[in-house]
Amino acid sequence: MCAPTEDERRLFLALWPSDAERRQLAELAAAVAGRRRVRDANLHLTLVFLGATNAARLAAYEAALTDLAVPSLELILDRYGYWPRPRILWLGSSHTPPELYELVAELHRRLRGCGFTPERRAFQAHITLARKFSGPAPTQPPVAPIRWRVNEVALVESQSSPEGSRYRVLCRWPGG
Ligand code: ATP
Ligand code: MG
């Protein structure tokens with residue numbers, strides 16, 4: 001992990017679950033991911049990883065996102081996946097709404113204007129449930145898919161602590 005210098009913060013843009021959604025996500029994680037699971041408070045869906053960001057750059061990002069329009073969409077989380085190399089067990093959707101891809105593209109467009117270089121890898125909507133997971137993903141999909149109503153984007157700071165990363169929501173769009 002590239003550690004931020006003193007005047008930098010490690011940031012990302014994410015879909016941030018409400019308490020009710022978080023509870024449902026945490027239940028699934030507890031059921032399938034065992035002791036390697038991501039802590040409940042950390043469950044999220046990353047849209048854009050911004051990385052180490054200084055104050056001037058953060059101000060530019062915030063200005064670029066002020067009038068961001070976030071479409072109201074429903075994400076149906078109905079499948080598990082496993083990436084063997086990073087050993088990540090994740091929860092995702094068998095039909096990611098096109099509006100979510102468009103939202104990520106719009107974020108990239110706005111951030112590019114501030115000098116940000118988007119990842120070359122295509123966006124894959126997923127919520128990490130466990131790391132260092134030995135795999136494979138459960139063969140059965142979740143019994144009851146989680147329906148996540150999305151209408152805002154959160155700017156989140158990742159802080160490292162002896163117990164692992166802790167996240168803090170700095171602001172949300174639209175408004176608030
Ligand atoms: P740790 O790195 O301490 O194990 P973490 O991965 O949860 O914890 P961060 O590395 O700060 O915390 O990552 C924050 C979010 O950004 C996570 O969703 C992570 O998957 C994602 N992320 C981190 N690095 C990258 C990267 N280089 N490219 C894309 N997404 C990233
Ligand atoms: Mg990481």
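Read-outs throughout are calculated quantities, based only on the coordinates presented, and are distinct from any laboratory measurement. The model shown is predicted, which means the values in this text are computed figures rather than measured ones. No Cβ is skipped: glycine too gets one built from the backbone with ideal geometry, and neighbour counts run over all protein chains shown.
Across the chain, Cα pairs under 8 Å and at least six residues apart give a relative contact order of 32 percent.
In plain terms, the residue of Glu6, Glu152 with the fewest other Cβ atoms within 10 Å comes first and the most crowded comes last, giving Glu6, Glu152.
Rounded to the nearest angstrom and ordered from largest down, what semi-axes does the equivalent ellipsoid of the stretch 99-176 get from its C-alpha gyration tensor (root of 5λ)? Numbers along the way, then the final one.
On the way: eigenvalues 136, 73, 51 Å².
In descending order the semi-axes read 26, 19, 16 Å.
Note on the chain: dipole from Cβ charges, positive end direction compared against Thr46, Leu73, Gly135; the farthest Cα belongs to Gly135. Between the helical axis of 19-33 and the longest alpha-carbon principal axis of the chain there is an angle of about 50 degrees. Charging the Cβ of each Asp and Glu at -1 and of each Lys and Arg at +1, and nothing else, the dipole of the stretch 45-176 about its Cα centre rounds to 500 debye. Over the chain, dividing the summed -39,500 (n - 2.57) contributions of all DSSP H runs of at least 4 residues by the number of residues returns a 222 nm mean residue ellipticity of -7500 deg cm²/dmol.
Over the stretch 1-121, the fraction of Cα-Cα pairs per 5 Å bin, rounded to whole percents and listed from the shortest bin up, is 2, 9, 16, 19, 19, 17, 13, 5, 0. Can you tell me the 0 to 90 degree angle between the C-alpha axis of helix 55-65 and the longest principal axis of the chain, rounded to 10? Approximately 80 degrees, to the nearest 10.
Order these peptides, 98-105, 63-70, by their mean beta-carbon neighbour count within 10 angstrom, highest first. Please report the intermediate quantities before stating the final value.
On the way: 98-105: 15.6, 63-70: 13.8.
In descending order of packing, they fall as 98-105, 63-70.
Taking Asp78, Asp40, Asp19 as the candidate residues, the one with maximal mean-square fluctuation in a Gaussian network model of the chain, Cα springs under 10 Å, is Asp19.
In which sequence would Thr5, Thr128 go, from the one with the fewest C-beta neighbours within 10 Å to the one with the most? Intermediate results must be reported in sequence, preceding the final value.
On the way: Thr5 9, Thr128 21.
Ordered by Cβ neighbours within 10 Å, fewest first: Thr5, Thr128.
What angle do you read, to the nearest 10 degrees and between 0 and 90, between the alpha-carbon axis of helix 98-112 and the longest principal axis of the chain? It works out to around 30 degrees.
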